[in-house]
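Worksheet for the structure shown next.
The values are calculated or read from the model by the stated rules, or taken from the named source; none is laboratory data. Since the structure is predicted, the reported quantities are computational estimates derived from the model, not experimental observations. Ideal geometry is used to build each Cβ from the backbone, glycine not excepted, and the neighbour counts take in all protein chains shown.
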């Protein structure tokens, strides 16, 4: 491993990072809302995880975290595979998990 910084490698890394963080072009407004809802779920999961770290986590908290993880996995997997999520399907999944659907979401 080289100890001298390599500017070319740093530029390649920064370019790769920018590509990963950029919103994909060609995404519909619906897909962008789905991504935002997944981000909101991740924030809620982080809040739950911090609560679990600070207190004695009960079974209910663990199951809630698992439900949120499953919903987020569904959304992100579907978006990554470029498949379309039917609004009615997503609404049912959110309702079963006890999550709120974005008001701007169609359906």
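Among the residues of region 63-83, those that are under 16 Å from residue 48 (Cβ atoms) and in contact with a helix residue (DSSP H, G or I) (Cβ under 7 Å, 6 or more places away or on another chain) comprise 64, 65, 67, 68, 69, 71, 72. Given the condition without any contact (Cβ under 8 Å) to a residue 60 or more places away in the chain, surrounded by 10 or more Cβ atoms within 10 Å (Cβ to Cβ) and farther than 29 Å from residue 95 by Cβ, answer yes or no: does some residue in region 16-35 qualify? So far as region 16-35 goes, yes, one or more of its residues are without any contact (Cβ under 8 Å) to a residue 60 or more places away in the chain, surrounded by 10 or more Cβ atoms within 10 Å (Cβ to Cβ) and farther than 29 Å from residue 95 by Cβ.
The residues in region 94-107 that are touching a residue at least 12 places away in the same chain (Cβ under 8 Å) and not in a helix (DSSP H, G or I) can be counted, and the count is 8. Quick check: is even one residue across region 49-57 modelled with pLDDT under 95, assigned to a helix (DSSP H, G or I), surrounded by fewer than 10 Cβ atoms within 10 Å (Cβ to Cβ) and on the phi < 0 side of the Ramachandran plot? Looking through region 49-57, at least one residue is modelled with pLDDT under 95, assigned to a helix (DSSP H, G or I), surrounded by fewer than 10 Cβ atoms within 10 Å (Cβ to Cβ) and on the phi < 0 side of the Ramachandran plot. The set of residues in region 70-93 being free of Cβ contacts under 8 Å to residues at least 24 places away in the same chain and farther than 16 Å from residue 32 by Cβ consists of 73, 74, 77, 81, 86, 88, 89, 91, 92, 93.
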